[in-house]
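The values are calculated or read from the model by the stated rules, or taken from the named source; none is laboratory data. The model shown is predicted, which means the values in this text are computed figures rather than measured ones. Here Cβ is always computed from backbone atoms with ideal geometry, including for glycine, and neighbour counts include all displayed protein chains. Accessible surface is based on the protein model in full, side chains and every heavy atom, while ligands, DNA and RNA are left aside. Shrake-Rupley method; radii C 1.70, N 1.55, O 1.52, S 1.80 Å.
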Amino acid sequence: LLSGCGKKKEEEKFVIGFSQCVASDHWRRTMLDEMKMELSLHPAAEFLYTDADGNSNRQVKQVREMLKQNIDLLIISPNEAHPLAEVVEEAYNKGIPVIVIDRKTSSPRYTAYVGANNYEIGKMAADYIANVVLKKKGSVAEVMGLPGSSPAIERSKGFTDALKKYPDIKIKFQVYGNWVRAGAQKQMRQHAAQLKTVDAIFAHNDVMALASQNVLSELSLGSKIKVIGVDALPGKGAGLELVGNKTLTASLLYPTGGKEAISTAFAILGNRPFTRENILQTVVIDSTNVQLMKLQWIRISNQQKDIERQQQLLEDQLEVYDNP
């Protein structure tokens, strides 16, 4: 009975490494924030973080440095599928669990995957554009992500495969915007003449969707061409706001998976059951449901703030208890 009055057994200390392919955009910053919030429930854990800034060779070196630091588990969002396959296999073959998040390598040797079905996202975008935007007749342009990255490959394949069902819809042109504003703007300006024959644009993320819309405005085509993006994040200048103010016609919700990756990591490290393929759900956000989504995000944000306040109060009380 007396043992019940003792302090709670401390959680085993684990070292988790997270290799991010690039951290400059709002979506990836949100992913990291979600990871940190989930990690706050595991104060004994050590979290190592690196940002490759879109450079595959740098990411390989960063992962190898992590492996030298004896991490217990690796979380990685590979910059490109093929260049990162070897180093991910190195970690896996050393017995280090590997969680691949958002993007995959070309190797099946990983412990778990967390992310949306990018092929399905491309397919959903095509069906939405065909049935809701174009009423099964018209022309589209596609602004893809980074060549060689699995989301860009899979989203484009899903998009083109689904459009085969609609013979009166033609893809006028496809370009790579490399996930960034500058890349998308450059490509759109280079295709200014072709844009005049396009009815809709599917951009692989909201950053490139906004960049495309900006160029359309420069060309006085903003009201003629509908732009659909991917991510639908809350926050200033992000997808939910852009759909809400009608800058974008729609955006497909693309969860970051940050929370799910950390919870899966601790299930693996704790030898508890886990799901190998964690496919996150998506939905099209447009004028019909954007306000509801905004309200849901506000509610979630307020709940998180309440949890953080409660944790701080508990820590303050424990400090008083430990230091009478």
Of all residues being outside any loop (DSSP other than H, G, I, E, B), closer than 21 Å to Val114 by Cβ and charged (D, E, K, R) in region 40-95, which is most open to solvent (accessible area, probe 1.4 Å)? Just the residue, please. Glu46
Please list, ordered by first then second residue, the pairs with beta carbon atoms under 6 Å, 6 or more apart or interchain, first in region 264-293 and farther than 30 Å from Ala45 by Cα and surrounded by 15 or more Cβ atoms within 10 Å (Cβ to Cβ), second among the aromatic types (Phe, Trp, Tyr) and at pLDDT 95 or above. Val284/Tyr128
Residue that is modelled with the lowest pLDDT [pool: residues in region 96-106 that are in contact with a Ser or Thr (Cβ under 6 Å, 6 or more places away or on another chain) and open to solvent by 20 Å² or more (accessible area, probe 1.4 Å)]: Lys104
The number of residues in region 209-237 that are open to solvent by 10 Å² or more (accessible area, probe 1.4 Å) and either among the small types (Gly, Ala, Ser) or under 18 Å from Val175 (Cβ atoms) (or both) is 13
Across region 128-162, what is the number of residues that are hydrophobic (A, V, I, L, M, F, W, C), under 30 Å from Ser107 (Cβ atoms) and free of Cβ contacts under 8 Å to residues at least 60 places away in the same chain? 3
Of all residues in region 109-142 being open to solvent by less than 60 Å² (accessible area, probe 1.4 Å) and part of a loop (DSSP other than H, G, I, E, B), which is farthest from Thr160 (Cα to Cα)? Thr111
What's the number of the condition Thr197 fails, among (1) closer than 23 Å to Leu280 by Cβ; (2) in contact with a strand residue (DSSP E or B) (Cβ under 9 Å, 6 or more places away or on another chain); (3) without any contact (Cβ under 8 Å) to a residue 60 or more places away in the chain; (4) open to solvent by 40 Å² or more (accessible area, probe 1.4 Å)? (1)
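Does region 38-60 hold any residues that are among the charged types (D, E, K, R) and either in contact with a strand residue (DSSP E or B) (Cβ under 8 Å, 6 or more places away or on another chain) or at pLDDT below 95 (or both), and which are they?
Within region 38-60, the subset among the charged types (D, E, K, R) is 38, 46, 51, 53, 58.
Matches in region 38-60: Glu38, Glu46, Asp51, Asp53.
If the requirement is being closer than 22 Å to Lys157 by Cα and part of a helix (DSSP H, G or I), which of these qualifies: Ala184, Ala211, Ala267?
Values: Ala211 fails: closer than 22 Å to Lys157 by Cα; Ala267 fails: closer than 22 Å to Lys157 by Cα.
Answer to the selection: Ala184.
Could you please find all residues in region 20-39 being outside any helix (DSSP H, G or I) and open to solvent by 20 Å² or more (accessible area, probe 1.4 Å)?
So in region 20-39, the residues outside any helix (DSSP H, G or I) come out as 20-25.
Answer for region 20-39, where residues must be outside any helix (DSSP H, G or I) and open to solvent by 20 Å² or more (accessible area, probe 1.4 Å): Val22, Ala23, Ser24, Asp25.
On the given criteria, is Val243 open to solvent by 30 Å² or more (accessible area, probe 1.4 Å) and among the hydrophobic types (A, V, I, L, M, F, W, C)? Spell out how you get there, then give the answer.
Working: open to solvent by 30 Å² or more (accessible area, probe 1.4 Å): no; among the hydrophobic types (A, V, I, L, M, F, W, C): yes.
Criteria not met by Val243.
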